[in-house]
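Encoded as structure tokens, the structure appears first; notes follow it.
The values are calculated or read from the model by the stated rules, or taken from the named source; none is laboratory data. Quick caveat: nothing in here was measured; it's all calculated off a predicted structure. Neighbour counts are summed over all protein chains in view; Cβ atoms, including those assigned to glycine, are modelled from backbone coordinates with ideal geometry.
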């Protein structure tokens, strides 16, 4: 649907469906919406106010991962010698600029293909036109924008409590369960960080990891196994298959990715200044107790092979065998900080890092101890691994009981057979 206002056209294309009802769009296809926004100026004037340029009928269509097509009509009060289109996705530092041909009727059309480079998935893309007049003057139009969302799937959408959930596999109960878990995670981490977003956060639930990974690859982003967050976009992506394990997957993945979004809400564009161990530590604390973390941490502590926290400031180790330990240490160390210094200490630490302090000096300002001193306290604490081990035992207890039953029943049956056959008679009995 396209709406023209008599002043200036403003374009938005979005697959973020606003309807809160739990049902697909007509024919199961996600709607592509075009809306308009009014600004006061009907045209754009040059700095010298000698010429006026009018851009109307701006339109965008795209094939996700393949191409984006731009069209518009441009008129000016002076002869035009050249036109360029400029566009930039949210979070990108560079602006793409390409010349476009102007027809005698004032029509411009440009096709951007992804052989020229990827476009960030789920980002708002701003675009505008630069018009060069024959006098040499250059005039830039006001910007338009669209959202470059993954439209390969028949997304359904439900919205509640500041969260907007998109999914395409599973029934209404699947979506409600995911939304309930997201709401709980939002409240838990939001309370710990003392943040409450004033805008919607989007969660996209892919049915399989391959669908999620292809979306990230199309957008030129790093591949993720089961989840990924784009904190500056307010978007969390997870891969969860409907089925018996959906609840456990939701509880582990959704709060984790939402925690990244809330950490960004706390520190804003300075988010990447926070050390990786802190970002992942906060996110891992949002999950239920992970027995794999506990086992990895306890084994490393016993073997004296723990990774120094300072080595987890910039990146995690590339070896798969060490990545699990890196997450386990980040969660345990962050949990220790909250336990000793409180939620306010954690917030102060994040702010210190966001202010540009290095990995050692961030805790020195926020916690009155440098990183290595806090780390020694963590290593010397009686709780290192113990709380996690207890949690792990609690998580494993049902499986241990089941294993015991599986072992006892066969041996009990064999004992009965053995006694019945006489194998259990004592010497001298008949």
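Quick check on residue 190: is it in contact with a helix residue (DSSP H, G or I) (Cβ under 7 Å, 6 or more places away or on another chain) and surrounded by fewer than 21 Cβ atoms within 10 Å (Cβ to Cβ)? Judged against the criteria, residue 190 is a match. Of the candidates 136, 91, the single residue that is within 28 Å of residue 179 (Cα to Cα), surrounded by fewer than 19 Cβ atoms within 10 Å (Cβ to Cβ), outside the structural domain of residue 264 (by TED's automatic domain parsing) and at pLDDT below 95 is 91. Scan the range 257-273 for residues that are within 20 Å of residue 324 (Cα to Cα) and surrounded by fewer than 24 Cβ atoms within 10 Å (Cβ to Cβ) and the total you get is 1.
Of the residues 77, 113, which is exposed (fewer than 15 other Cβ atoms within 10 Å of the Cβ), in contact (Cβ under 8 Å) with a residue 12 or more places away in the chain and closer than 22 Å to residue 53 by Cα?
Unique residue meeting the criteria: 77.
Taking the range 168-195 as the range and being in contact (Cβ under 8 Å) with a residue 40 or more places away in the chain and outside any helix (DSSP H, G or I) as the test, the residues that pass are 169, 170, 171, 194, 195.
Conditions (1) in a loop (DSSP other than H, G, I, E, B); (2) closer than 17 Å to residue 186 by Cα, marked per residue:
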site	(1), (2)
220	yes, no
252	no, yes
270	no, no
277	no, no
